[in-house]
1. Identify, from the list 326, 303, 309, the residue that is under 16 Å from residue 81 (Cα atoms) and assigned to a helix (DSSP H, G or I).
2. Can you name every residue in segment 38-47 that is more than 14 Å from ligand 2 (Cβ to nearest atom) and either in contact with a strand residue (DSSP E or B) (Cβ under 8 Å, 6 or more places away or on another chain) or part of a helix (DSSP H, G or I) (or both)?
3. List the pairs whose first member sits in segment 296-319 and is farther than 23 Å from residue 183 by Cβ, whose second member is at pLDDT below 95 and not in a loop (DSSP other than H, G, I, E, B), and whose Cβ atoms are under 6 Å apart, counting only residues at least 6 apart or on separate chains?
4. Could you please find all residues in segment 19-34 being at pLDDT below 95, surrounded by fewer than 20 Cβ atoms within 10 Å (Cβ to Cβ) and outside any helix (DSSP H, G or I)?
Ligand code: ATP
Ligand code: MG
Ligand code: FE
């Protein structure tokens, strides 16, 4: 089935064409980073307006790159939530309108379900597996039993890992979003020069806490006289990254142990992080399990990732009704609940 996929949950406007939930024919992403950078974070009202402008452009681009006209599209997949509600509504209303006008089914997909299954577009991973979601809004461990079957194993009790990266970057004056910048600096720093706490590392659970690490960085910066730069800045980035990565690695290993599974899939923007990739790859070699990372374009927000779940729901005869609304908050374990049986 040929699906047009649309995403606008945060500050990326994205459209993709995917065949059979596997073959990506196009994957177009228009980022609003420049619009929000000067505010140091996403401004919801601005995001909605920019999505409205960009959505028709990315759709046309996605169709053109796929070499298809809209008539060839057989179904529509849209991010229904979670996210900024005004932003979500842009893809939702557009997707419904296309589906209604063309008389084709549409499916409202959970954004994190998209992240968690994105790997299937590149490298089929057998279910069940443990999913480590590390993004701007989430740091969660899930047991993924199949499409639509997710069980939460653990989660952050405060900030998400991506949020911590962005806050650390901001307080160091590195710009927004700063995860990738901190990652780059960390590669040239000494991770043992400045040691930050590893919250909840030794607690026998699968939960995370990142606000403490961020506060420790803030306190460290306040104690310094003058600006931090050069090697000192690189060491600080490396010290922060080491603390974050160590906790993410340890809890992922514990999740594999608890579930008895040997497959770990990492997803979300922070899955681009080179320190995290190295650490988990090393642990996988030592521990005899498999670890999978999507390529960077499929880790951060994109529309193609929605196709994996949407295609499976449609194949089962499910689809969403046209009166379905966006959901700002939506627990992932409810993602597969609401599909009506569609008439063929
Ligand atoms: P969510 O998916 O939870 O709704 P989101 O969609 O905003 O949140 P993503 O697009 O998946 O999040 O990821 C963006 C986050 O990833 C940002 O916080 C960004 O700083 C972080 N990030 C991107 N690249 C890296 C990197 N190399 N190292 C660390 N963090 C990174
Ligand atoms: Mg984003
Ligand atoms: Fe995301």
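1. 309
2. 45
3. Qualifying pairs under 6 Å: 317/341.
4. 31
Okay, residues lined up against (1) buried (at least 16 other Cβ atoms within 10 Å of the Cβ); (2) away from ligand 2 (no atom under 16 Å from the Cβ):
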site	(1), (2)
11	yes, no
36	yes, no
50	yes, no
60	no, yes
66	yes, yes
71	no, yes
78	yes, yes
83	yes, no
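This table checks each residue for (1) closer than 20 Å to residue 140 by Cβ; (2) outside the structural domain of residue 98 (by TED's automatic domain parsing); (3) surrounded by 17 or more Cβ atoms within 10 Å (Cβ to Cβ); (4) modelled with pLDDT of 95 or more.
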residue	(1), (2), (3), (4)
245	yes, yes, yes, yes
249	yes, yes, yes, yes
256	yes, yes, yes, yes
283	yes, yes, yes, yes
288	no, yes, no, yes
306	yes, no, yes, yes
317	no, no, no, no
326	no, no, yes, yes
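The values are calculated or read from the model by the stated rules, or taken from the named source; none is laboratory data. Owing to the predicted nature of the structure, the values given are computational and were not obtained by experimental measurement. Here Cβ is always computed from backbone atoms with ideal geometry, including for glycine, and neighbour counts include all displayed protein chains.
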